[in-house]
Amino acid sequence: MERQEHGTTIVAGEVRVRAAAVRSVTAGDVEVRTSALQHVAAESVAIRRSSVALAGGSAVDVEHSQAFAIAGRDVRLANVRTVLLLAPRVRGEVRTLVDWKTAAGIGIGIVLGRRLLKLLRIG
């Protein structure tokens, strides 16, 4: 399915987005090139030279792009910048601000910090 509309929501079996701005895509297979998307959810996602806020799927393949968050079972990345990456299997070159190890460390730090503050108030 191809559309020329900008800033829309698309729900379909197969979607190709090229040089467009789209709010949301939900599909079986999604291919994105030189576009900006707010949300992508699909079984198979391929993103090239684009900016995406949230991308998720079983198989996620991203090249030369930026994303706020990427989540998937099998993620392949090449020259990608992201804030948050959630995946059990990641292949390729990626720069993340927060990965699962960092998120776990932050969570543990918050829990321990709160308990320490409780102890200091009681004692």
TODO: Just name the residue that is surrounded by the fewest Cβ atoms within 10 Å (Cβ to Cβ) out of those in segment 33-52 that are of a type in the set (A, V, I, L, M) and under 19 Å from L86 (Cβ atoms).
DONE: A41
Task: For L77: the one exception among (1) under 12 Å from the mean Cα position of the chain (by Cα); (2) modelled with pLDDT under 90 - done: (2)
- [ ] State which residue is surrounded by the fewest Cβ atoms within 10 Å (Cβ to Cβ) when the search covers only segment 53-77 and only residues that are over 18 Å from A36 (Cα atoms) and either of a type outside the set (K, R) or touching a Phe, Trp or Tyr at 6+ places or on another chain (Cβ under 8 Å) (or both).
- [x] S58
Open item on the list: Which of the strands (runs of 3 or more DSSP E) found entirely inside segment 31-123 contain at least 2 residues meeting this: at positive phi and without any contact (Cβ under 8 Å) to a residue 24 or more places away in the chain?
Closed with: 51-86
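The values are calculated or read from the model by the stated rules, or taken from the named source; none is laboratory data. Since the structure is predicted, the reported quantities are computational estimates derived from the model, not experimental observations. Neighbour counts are summed over all protein chains in view; Cβ atoms, including those assigned to glycine, are modelled from backbone coordinates with ideal geometry.
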